[in-house]
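Worksheet: one structure, shown below.
The values are calculated or read from the model by the stated rules, or taken from the named source; none is laboratory data. Since the structure is predicted, the reported quantities are computational estimates derived from the model, not experimental observations. For neighbour counting, all protein chains shown are included, and Cβ atoms are generated from backbone atoms with ideal geometry for every residue, glycine included. Remember, those area values only see protein heavy atoms, side chains included, never the ligands or the DNA or RNA. Shrake-Rupley method; radii C 1.70, N 1.55, O 1.52, S 1.80 Å.
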Amino acid sequence: MGAPLRVLLVEDSENDALLLLRELKRGGYEPSSMRVDNAVEMEAALEDRTFDLVISDHSMPSFNSLAALDLVRGKGFVDLPFIIVSGRIGEDAAVSAMKAGAHDYIMKDNLARLNSAIERELGDAEVRRSRREAEAALRDSETRFRLMIEQSPLSIQIFSPEGRTLRVNRAWEELWGVTLDMIPDYNVLQDLQLVEKGLMPFIERGFAGEAAVIPAVQYEPEASIPAVSEVAYRWVRAFIYPVKAADGSIQEVVLIHEDITERMKAEEDRWRAEAKYRSIFENAVEGIFQTTAEGEFVTANPALARMYGYDSPEDLLEKVSNIEDQIYADPGRRGDFIRIARRDGLVQDFEMRVRRGDGKTTWTSVNARAVRDEAGEVAGFEGFVKDVTEQKRAEEALGEIREAERRRIARELHDVVLQDLTYALQSLRVTPRIPEGADRDAETARQVEALRRSVAGIRDAIYDLRLEGTGEQTLARSLESIVELNRQLSPGCAFELSVGYDFPKDGRGPLAVEVARVVQEALANVRRHSGAARAAVRLRAREDEALVEIEDDGRGLAPGTAAGMGLTGMRERAASLGGELEVEGTVGSGTRVSLRVPLAVLVGAEDSERANA
């Protein structure tokens, strides 16, 4: 069976068409044909069917080969073989037809060449079709490649083998703030900035035919191409590779940049934050720690190591393997800590005695939180430790001072008040038996004076004891009461109280009571010893410090005056509050007592009281 062949015959003679078909069969083809003899029929045939070949008569009553050829080409069949077979065609007409696109012409009286011409033209048509498809595929590939480069989010720069920039994409222009026409003289192989930053060997590898990954670098356009880009710098990581021809020669070199500026800025921020945290951790006054739930240290700062009596954090971590046995001085206290942390998630102001590495004991206050794992179980603890040994000693000293005050009050009640009351009572009993003419008025005056001293002593005792219950009052309110009481006790002295606008109005609690006791003792000294006509109590705040001043215009202090129990107690109270007490005065010019304490003593007094409750 012959090779199938779809033929469009443009022929007005049916007999000639049959002769052509018979010749095709003799040439080994199995033709499937359609015959037309005008433009309308031919156009319809081209639209309805697919043909491998067009054989056209040159001259027909209403059509000709040139018109048929125009119709074929107009329909876009540029690769469809078109052969003219005619009984008569002049040489000029044949040449014109060939120029117009006909592939061959054969005379009807010499059809022996028809099959060989068909075979040749079918082969040429296939070659032309394959070439056209290859060219179209190449154009599509180039278009896709160009779009891929142009639309890539990565910066792409393509160089000639000599180092000149041939093409760049939009991402490159946005990255560096320039366009290709702005860098006509730039040559990457002559970029001194790349040499200085040690990157030129990687660039040269790319131009030598080897792909290379270029390390991250901070590139500054101004350093390589002055006055072109407004971009100060970019952190980039790059990849370079050659594009080679079939023979291995380098056609182009591609450099791809990845902008990592924001990532590097984030890294720098993280590095700075870590350095800042490390500095805070290393230089903190308070101890900082992390421990496991089982009782081993994970981290510790230098302050904690010093607090616990070890040479360094490393020394502490090496020598302490069981916190409960080696750090806690009181059995069971570690269990209390863990129980509170598991229950509440945190521990606040947890006081504990620590057994130091040097054998000594110290008091600490711990604020910590429980650290839980993904399953919600407590995996460890982390927090802060403060050395409160001095505070504990001050509290003990205050306790001793208060006990001494109670003994003093008891002694004064017994030795002074009770003696005066006893004398007055006995004197009143014997007054009726005083003989006539005796100086009864003088005895009555002595009785009144004794009763007056007794009343004053009782009032002083009440005044001293009443401060025990002023913890719920604000400091300012307590001082108002103290000043008013002193006015009543000493009518001849004008007592004044002034509170600055910046002084904390809500300070209260045990620490505020200690401040009030200092003022109380100072005013008692004014009342008892100064002979002052005026005394003023002033409350001020300066930055992070509270200032309490008690000043009088009395007789003042003689040089070398020794400190009595009252002044000693005031100084010890000031020390327990973390403050200072100063006493200034000269003979005849009055005295000024100044107490300076941290504002936190007053501002945090109420919170501290609640935390310790």
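State all residues of region 568-580 that are in contact (Cβ under 8 Å) with a residue 12 or more places away in the chain and open to solvent by 40 Å² or more (accessible area, probe 1.4 Å); if no residue qualifies, say none.
GLU572, ALA575, GLY578, GLU580
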Among residues of region 410-453, those that are in a helix (DSSP H, G or I) and farther than 29 Å from PRO491 by Cα, counted: 6
Among what's in region 1-20 and is open to solvent by 30 Å² or more (accessible area, probe 1.4 Å) and among the hydrophobic types (A, V, I, L, M, F, W, C), pick the residue that is nearest to PRO31 (Cα to Cα). ALA3
Just give me the residues in region 155-199 being hydrophobic (A, V, I, L, M, F, W, C) and part of a strand (DSSP E or B), in sequence order. ILE156, ILE158, PHE159, LEU166, VAL168
Note down all Cβ pairs under 9 Å where the first residue falls in region 134-157 and is open to solvent by less than 80 Å² (accessible area, probe 1.4 Å), the second is in a strand (DSSP E or B) and polar (S, T, N, Q), and they're at least six residues apart or on different chains. GLN157/THR165
Condition broken by TRP363, with the remaining ones in (1) touching a residue at least 40 places away in the same chain (Cβ under 8 Å); (2) in a strand (DSSP E or B); (3) open to solvent by 40 Å² or more (accessible area, probe 1.4 Å) satisfied: (1)
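Go through region 170-185 residue by residue and tally those that are open to solvent by less than 80 Å² (accessible area, probe 1.4 Å) and either at pLDDT 95 or above or within 22 Å of ILE260 (Cα to Cα) (or both).
Number of matching residues: 8.
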Single unsatisfied condition, ASP349 versus (1) in contact (Cβ under 8 Å) with a residue 40 or more places away in the chain; (2) out of contact with any Ser or Thr (no Cβ under 7 Å at 6 or more places or on another chain): (2)
Look through region 530-553, keep the residues that are within 23 Å of CYS493 (Cα to Cα) and part of a loop (DSSP other than H, G, I, E, B), and return whichever of them is least open to solvent (accessible area, probe 1.4 Å). ALA532
What are the residues in region 253-278 that are touching a residue at least 60 places away in the same chain (Cβ under 8 Å) and either over 18 Å from LEU175 (Cα atoms) or open to solvent by 60 Å² or more (accessible area, probe 1.4 Å) (or both), if any? VAL253, ASP259
Scan region 303-337 for residues that are in a loop (DSSP other than H, G, I, E, B), surrounded by 13 or more Cβ atoms within 10 Å (Cβ to Cβ) and within 34 Å of the chain's Cα centre (by Cα) and report the count. 1
Just give me the residues in region 201-238 being closer than 18 Å to MET182 by Cα, open to solvent by 30 Å² or more (accessible area, probe 1.4 Å) and among the aliphatic types (A, V, I, L, M), in sequence order. ALA223, ILE225, ALA227, VAL228, ALA232
Unmet requirement for ARG120, which otherwise passes all of (1) at pLDDT below 90; (2) surrounded by fewer than 16 Cβ atoms within 10 Å (Cβ to Cβ); (3) closer than 18 Å to GLY27 by Cβ; (4) touching a strand residue (DSSP E or B) at 6+ places or on another chain (Cβ under 9 Å): (1)
